[in-house]
Amino acid sequence: MPDGYTEPTYITLTFLKSGAIVNMNRAIHSAKIFGIPLIAVFTAGCATVVPSQEIKAGDEVGVHFTCRQKTGEIAASTYSDINNSSLPKSALFLKRSVGDPVVIQAGSELLPASAAKRKSFEEEIMDRLAGTLVGMREGDRKSVEITGDRLANLPQEEQFVKIRRIWSQPKEVRMLLSEYKARTKMEPAVGQQYAVYPAIPGKVASISGDEVLIRFAPAAQEVEVAFGKGKIIEKEDHYDIEINAVKGTLVRTSNLVGRIADADEEFITLDYGQPLAGEALRCDVLTESVKPGEKGTAASSDKAVTQDLNGAPAKAAVENTSFSEFGSVEQGDLVKVNYTATLNDGTVFATTRESVAKDPQRKKVSWFKAPGRYEAGVLVAGKEELLPGLGEAVLGLGAGAKKELRLTADKAFGQPDPEKKIKFPCVRTLPLIIRMPKVVYVKQLSSDPVLNSEVDLIPYFKTKVTEVTKGDVALQFLARDGQIVTEEYGTVKVSVKGDQVTTTLVPTIGAEFPLQDQTGIITATDGVNFTVDANHPLAGKDIVIDFEVVSLSKAKDAKTSTMN
């Protein structure tokens, strides 16, 4: 053994700031050989070493994690180098574009399933990890198991989404130049790629005047889509993608994860009601940095995540999300949408959602009427149906997509027209017996006059046919003196004096009043006259429509089938 040699001391140090493990054996060995005090190796470049403090609730913690399913497949990870590794990955795995740690506020309380909101898969993971960080230190590692309960507060139609098992793509599509530009944000060029379904890509074949011709052709006869293997079948003028959907299969569509709840010959039912798709995940966690929070602060889980996995500020999981593998909505497609429409201040005037209609905390317009059945509305894409702008807003979206549409008054229900504000007298006096041309009688009552029959000619009391001639009809009002009639728009008092009958209306402000071919709103009265505004009640108002595309049927299918 050479002089001056000492048996090396082997120590492995973990440099957790970078997440890499560096073997320091060689450095320590060299220090002993050359007589360098061992302490100098560790203190070079720094004066003191301060032990890290325990993480407290409210601290902002830089975290790396990798979460696996029970099968061992990776479901989510903050390490970008895993993207192209050979490690097994789940159908839920989403590649990450950056490799920095995510920032999580420690100790955030997880909202109960009955109050929780739907978020992205990764945000759900980070919400659950937040509570496990308290008590750890910078550089610590921990392995934890996380689970997620069904979001009980979500309506059934938001938990479960139906899509067609067979998707259709025409071999050729012609569209206006303006429509092509609006969809692609590009000038068309021959050979340019254009896809509705990624499995059947399209190319611009020709441009003629203001029309663009796109031809589609599959790259293979079998494809993998989010919901299983798809078989492409060629028809005379289109291709069908027939999906072999297997119940229980995990699926990921954009930020949402779920599983196939059911599948039959026509539809696939997707369950998006469980935050982690019902999986129990084992997560390996590394705390890289700690920024002390304000003393004693702890956020709820809806504020726990300050960044998403790619370093951007965290945002709603499904806002403006489009699931391209469902196929996007095109002109003429039949689309099911759930929506809630409000004024700018949040006052609800229309909704398909039972949870909104029955929520006593949600302010509603005075004339709000709950729907007879709580189900998604159906519209033809591109047409003005259900609500202003909605038919256009669904274009380019996919089933499951959520979006907020804001419209100014001009684009919503227009500006109020002064000529549609009509004054009526509160008091009306009529002869007890009147005559009218027979043709007018038939037009108003849609039947021929029958002698001594009683008909509903005006409100408040019956009218009796007392004479019928070749050209006209005599009618007598069967009014009773002192009669009180209560209507939705007010109270009417009836008086009969001699050969005259008088009605006096005490109108209800804000009530609907029937007009000849529409209804108006009673807006004012001075006791002599009352004013009915026949403008739309939302004329002059800006509106907000929060909607979700529940399902879609391509225009070809919509002609021969109805959506369930």
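The values are calculated or read from the model by the stated rules, or taken from the named source; none is laboratory data. This structure is a prediction, so every number in the text was calculated from the model and none was measured. Glycine also receives a Cβ, built like all others from the backbone with ideal geometry; neighbour counts cover every protein chain displayed.
So residue 361 passes all but one of these: (1) touching a residue at least 60 places away in the same chain (Cβ under 8 Å); (2) assigned to a loop (DSSP other than H, G, I, E, B); (3) polar (S, T, N, Q). Which condition number does it fail?
(1) is the only condition that residue 361 fails.
So that you can scan it fast, the table gives a plain yes or no per residue for (1) assigned to a loop (DSSP other than H, G, I, E, B); (2) hydrophobic (A, V, I, L, M, F, W, C); (3) under 29 Å from the mean Cα position of the chain (by Cα):
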{"position": "200", "(1), (2), (3)": "yes, yes, yes"}
{"position": "204", "(1), (2), (3)": "no, yes, no"}
{"position": "207", "(1), (2), (3)": "no, yes, no"}
{"position": "219", "(1), (2), (3)": "yes, yes, no"}
{"position": "230", "(1), (2), (3)": "no, no, yes"}
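Please determine, by comparing only the residues of the range 142-164 that are farther than 27 Å from residue 130 by Cα and of a type in the set (D, E, K, R), which one is surrounded by the most Cβ atoms within 10 Å (Cβ to Cβ).
164
Name the single residue, out of those in the range 175-208 being basic (Lys, Arg) and surrounded by 13 or more Cβ atoms within 10 Å (Cβ to Cβ), that is modelled with the highest pLDDT.
Filtering the range 175-208 for residues basic (Lys, Arg) gives 181, 183, 185, 203.
Now narrow it down to the ones that are surrounded by 13 or more Cβ atoms within 10 Å (Cβ to Cβ): 181, 183, 203.
Values: 181: 81, 183: 72, 203: 93.
If we take residues in the range 175-208 being basic (Lys, Arg) and surrounded by 13 or more Cβ atoms within 10 Å (Cβ to Cβ), then 203 is modelled with the highest pLDDT.
Would you kindly identify the strands (runs of 3 or more DSSP E) lying entirely within the range 463-511 that contain at least 2 residues that are free of Cβ contacts under 8 Å to residues at least 24 places away in the same chain?
Details: elements: 463-468, 472-477, 484-487, 490-497, 500-507.
Hits in the range 463-511: 463-468, 484-487, 490-497.
Matching residues to (1) under 19 Å from residue 258 (Cα atoms); (2) among the β-branched types (Val, Ile, Thr):
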site	(1), (2)
99	no, no
125	yes, yes
148	yes, no
154	yes, no
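Which condition from (1) over 20 Å from residue 123 (Cα atoms); (2) in contact (Cβ under 8 Å) with a residue 40 or more places away in the chain is the one that residue 255 breaks?
(1)
Just name the residue that is nearest to residue 144 (Cα to Cα) out of those in the range 51-80 that are touching a strand residue (DSSP E or B) at 6+ places or on another chain (Cβ under 7 Å) and among the hydroxyl-bearing types (Ser, Thr, Tyr).
Among those residues, the one meeting the criterion is 66.
Of all residues being touching a Phe, Trp or Tyr at 6+ places or on another chain (Cβ under 8 Å) and either of a type in the set (Ser, Thr, Tyr) or not in a strand (DSSP E or B) (or both) in the range 341-351, which is nearest to residue 543 (Cα to Cα)? Just the residue, please.
The initial filter retains those residues of the range 341-351 that are touching a Phe, Trp or Tyr at 6+ places or on another chain (Cβ under 8 Å), namely 341-343, 348-351.
Within this subset, residues satisfying the condition of being either of a type in the set (Ser, Thr, Tyr) or not in a strand (DSSP E or B) (or both) are 342, 351.
Details: 342: 6, 351: 13 Å.
Applying the filter and picking the extreme gives 342.
Being surrounded by 13 or more Cβ atoms within 10 Å (Cβ to Cβ), part of a loop (DSSP other than H, G, I, E, B) and among the acidic types (Asp, Glu) is the requirement here; does residue 384 meet it?
Values: surrounded by 13 or more Cβ atoms within 10 Å (Cβ to Cβ): no; part of a loop (DSSP other than H, G, I, E, B): yes; among the acidic types (Asp, Glu): yes.
It is false that residue 384 is surrounded by 13 or more Cβ atoms within 10 Å (Cβ to Cβ), part of a loop (DSSP other than H, G, I, E, B) and among the acidic types (Asp, Glu).
State whether the residues of the range 515-525 include one that is aliphatic (A, V, I, L, M), at pLDDT below 95 and farther than 30 Å from residue 387 by Cβ.
No, that holds for no residue.
In the range 460-490, which residue that is assigned by TED's automatic domain parsing to the domain that holds residue 504, under 50 Å from the mean Cα position of the chain (by Cα) and within 17 Å of residue 502 (Cβ to Cβ) is surrounded by the fewest Cβ atoms within 10 Å (Cβ to Cβ)?
484
Can you name the residue in the range 402-412 that is assigned to a loop (DSSP other than H, G, I, E, B) and not charged (D, E, K, R) and, of all such residues, is surrounded by the fewest Cβ atoms within 10 Å (Cβ to Cβ)? Give the steps one after another, and end with the answer.
Initially, the range 402-412 is screened for residues assigned to a loop (DSSP other than H, G, I, E, B), giving 408-412.
Restricting the remaining residues to those that are not charged (D, E, K, R) gives 408-409, 412.
Working: 408: 9, 409: 15, 412: 22.
The extreme case among them is 408.
Give me the pairs, please: first residue somewhere in the range 209-232 and farther than 16 Å from residue 252 by Cα and modelled with pLDDT of 90 or more, second residue anywhere and of a type in the set (Phe, Trp, Tyr) and not in a strand (DSSP E or B), beta-carbon distance under 8 Å, and either six or more positions apart or on two chains.
212/180
Whether any residue in the range 161-173 is among the β-branched types (Val, Ile, Thr) and free of Cβ contacts under 8 Å to residues at least 24 places away in the same chain is what I want to check. Quick ask: steps written out before the conclusion?
Taking the range 161-173 as the starting set, the residues that turn out to be among the β-branched types (Val, Ile, Thr) are 161, 163, 166, 173.
Among the residues that remain, those that are also free of Cβ contacts under 8 Å to residues at least 24 places away in the same chain are: none.
So far as the range 161-173 goes, no, none of its residues is among the β-branched types (Val, Ile, Thr) and free of Cβ contacts under 8 Å to residues at least 24 places away in the same chain.
So that you can scan it fast, the table gives a plain yes or no per residue for (1) closer than 30 Å to residue 105 by Cα; (2) modelled with pLDDT under 90:
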{"position": "308", "(1), (2)": "yes, yes"}
{"position": "312", "(1), (2)": "yes, yes"}
{"position": "328", "(1), (2)": "no, yes"}
{"position": "350", "(1), (2)": "no, no"}
{"position": "365", "(1), (2)": "no, no"}
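Does any residue of the range 447-459 turn out to be over 30 Å from residue 535 (Cβ atoms), of a type in the set (D, E, K, R), outside the structural domain of residue 365 (by TED's automatic domain parsing) and in contact (Cβ under 8 Å) with a residue 60 or more places away in the chain?
In the first step, residues of the range 447-459 are kept if they are over 30 Å from residue 535 (Cβ atoms); the result is 447-455.
So of that shortlist, the ones also of a type in the set (D, E, K, R) come out as 448, 454.
From the residues that got through so far, the ones that are outside the structural domain of residue 365 (by TED's automatic domain parsing) too are 448, 454.
Those left that are additionally in contact (Cβ under 8 Å) with a residue 60 or more places away in the chain: none.
Looking for residues that are over 30 Å from residue 535 (Cβ atoms), of a type in the set (D, E, K, R), outside the structural domain of residue 365 (by TED's automatic domain parsing) and in contact (Cβ under 8 Å) with a residue 60 or more places away in the chain, one finds none in the range 447-459, hence no.
What are the residues in the range 252-267 that are buried (at least 17 other Cβ atoms within 10 Å of the Cβ) and at pLDDT 90 or above, if any?
Those that are buried (at least 17 other Cβ atoms within 10 Å of the Cβ) and at pLDDT 90 or above: 258, 259, 260, 261, 263.
Could you check the range 520-542 and list, in sequence order, the residues that are surrounded by 15 or more Cβ atoms within 10 Å (Cβ to Cβ) and among the β-branched types (Val, Ile, Thr)?
521, 522, 523, 525, 531, 532
Collect the residues in the range 413-452 that are loosely packed, with under 13 Cβ neighbours inside 10 Å, over 51 Å from the mean Cα position of the chain (by Cα) and in a loop (DSSP other than H, G, I, E, B), keeping them in residue-number order.
The answer is 448, 450, 451, 452.
For the range 247-276, enumerate the residues that are polar (S, T, N, Q), part of a loop (DSSP other than H, G, I, E, B) and under 21 Å from the mean Cα position of the chain (by Cα). Break it down into steps so the answer makes sense when it comes.
Of the range 247-276, the ones polar (S, T, N, Q) are 249, 253-255, 269, 274.
Filter once more, so that each one left must be part of a loop (DSSP other than H, G, I, E, B): 249, 254-255, 274.
Selection gives 254, 255, 274.
I'm trying to understand the selection: among the residues of the range 444-459, which are of a type outside the set (A, V, I, L, M, F, W, C) and touching an Asp or Glu at 6+ places or on another chain (Cβ under 8 Å)? Before you say what the answer is, go through the steps one by one.
Initially, the range 444-459 is screened for residues of a type outside the set (A, V, I, L, M, F, W, C), giving 444, 446-449, 452-454, 456, 459.
If the condition is that a residue be of a type outside the set (A, V, I, L, M, F, W, C) and touching an Asp or Glu at 6+ places or on another chain (Cβ under 8 Å), then 459 is the only one that fits.
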